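Below is one structure, written out as structure tokens; the observations come after it.
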Amino acid sequence: MSGPKSLITAAFSAAVLLLGTPVPAAAAEPDVVRGMQWQLASLDLPAVHQRATGAGVLVAVLDSGVDRTHPDLVGQVLGGPDPVSNTDVDGRGTGLAGLIAGHGHVPGVAAGAPRPTPSGSPAPSASAAPADPRTAGVLGIAPGAQILPIAFVPAPGASGDPDGLATAIDRAVFGGAKIICIGRGVVPGSRLQASVEAAVARGVLIVAADADRAGRPFTPWPASYPGVLNAIPADRSGQVPVAPLSGRTTGITVPGVDLITTGVGGGYRMDGGSSAAAVLAGAAAVVWSAYPKATVAEVLRRLRTTATDAGAPGADSRFGAGMLNLSAALAANVPQEPAPSVQPSPAASSPAASPSPSPVPVALADSRDWRRWLVVLPLLIFLAGLTVWAVRSARVRQQAA
């Protein structure tokens with residue numbers, strides 16, 4: 001593997017080609033990748049990391065695996081449950097991991113080398129950011145969090161299937177993850193819904209992407225399932241270029257367009273859209289590390305009630321609860337969360353919302369669902385009454401004859 005400086009210089013050149021923006025040669029310094037991370041200023045991460053960094057929180061990344069040898073991720077990624085999870089078939093899993101827990105690297109210091117710490121500095125707290133000159137490379141939202149990689153995508157370009165994702169969710173829960181990050185959409189399935197419900201019941205927070213880049217096909221599951229926190233991608237101007245597809249109003253809008261992050265082989269890549277799930281998962285990890293005894297409901301309340309309202313007044317289907325305000329979510333006191341809307345989401349309740357044929361979620365397809373008797377019973381009563389009336393009328397006519 002080449003040194004960090006050459007890696008970042010190569011990444012910078014690639015980014016210039018991607019963005020089509022000429023820049024002076026002086027910009028090709030070790031911190032060029034860090035300088036392209038516009039979400040750092042948007043979320044005021046330097047101040048946030050003085051309060052908490054996600055330390056003590058395990059986040060499962062369910063995607064294509066994670067390259068744990070990347071200089072910006074060394075030491076943050078646990079061993080996955082299988083060999084495939086410890087590699088990366090297309091780079092997206094490594095990209096999500098970097099946006100969550102990337103810690104950058106020290107310019108000129110090889111990956112895995114001891115971190116230089118200023119002499120005489122006090123030991124950092126469990127949640128506060130360490131004194132560390134890691135000014136190069138990708139800095140994640142929660143650089144103190146740990147990543148559990150679980151692959152369910154079999155090959156580059158594949159989207160994965162609902163049963164494979166269900167198995168990955170089960171593995172994440174079994175592996176002790178507090179947060180599950182899902183950056184892909186799949187078609188709905190009864191097994192997937194059951195795994196989501198089981199994870200939510202055990203107090204695990206599932207964060208799922210609710211849109212991707214414009215023009216890319218995307219199916220809004222598991223983001224459409226109740227209990228899942230859906231991530232809505234916004235651009236630098238705070239606008240949502242692709243409206244969330246689930247139709248739910250309980251999501252949170254976060255930076256999610258043109259995000260530079262870690263790639264396979266020690267490189268870097270531009271992600272967008274579905275990578276918003278990693279930003280929101282990292283934000284949840286930061287809040288949880290600041291309040292380690294909090295429940296999932298309390299973490300969600302902090303994130304939702306402190307979000308900055310955007311779009312139509314109140315929660316809406318485009319911006320959800322509003323724009324993420326991580327500094328406010330870390331405040332000592334937060335307002336009470338209003339009662340959630342009981343209106344079903346279009347995508348979650350209608351299988352026609354999926355761009356491809358898919359099974360109806362088990363809660364609606366189950367023949368034992370008591371709600372269908374609300375329709376059947378009145379009809380049966382009406383038919384029974386009609387039969388009784390017809391019999392009596394026939395008897396009266398016979399007697400009259």
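Any read-out appearing in this document is the output of simple, stated calculations on the displayed coordinates, not a laboratory observation. The structure displayed is predicted, hence computed values, not measured ones. Neighbour counts are summed over all protein chains in view; Cβ atoms, including those assigned to glycine, are modelled from backbone coordinates with ideal geometry.
Quick look at the numbers
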read-out	value
Environment charge of Gly265, counting only residues whose C-beta is closer than 13 Å and scoring Lys/Arg +1, Asp/Glu -1	-2
Label-point gap, in nm, between Ala294 and Leu386 - each point 7 angstrom along Cα→Cβ	5.7
Extension gain from Gln50 to Asp163, taking 0.36 nm per residue of separation minus the Cα-Cα distance	36.6 nm
Amide proton proximity set for Ala136, modelled H, under 5 Å, gap of 5+	His105
Point-to-point label distance, Glu197-Phe174, nm (Cα→Cβ direction, 7 Å offset)	2.1
Cβ crowding within 10 Å averaged over residues, with 275-284, 190-199, 290-299 ranked highest first	275-284, 190-199, 290-299
Ordering of 75-85, 259-269 by burial proxy (mean other Cβ atoms within 10 Å per residue, highest first)	259-269, 75-85
Residue-span extension gain [Asp82 to Asp309] - 0.36 nm each, minus C-alpha spacing	77.5 nm
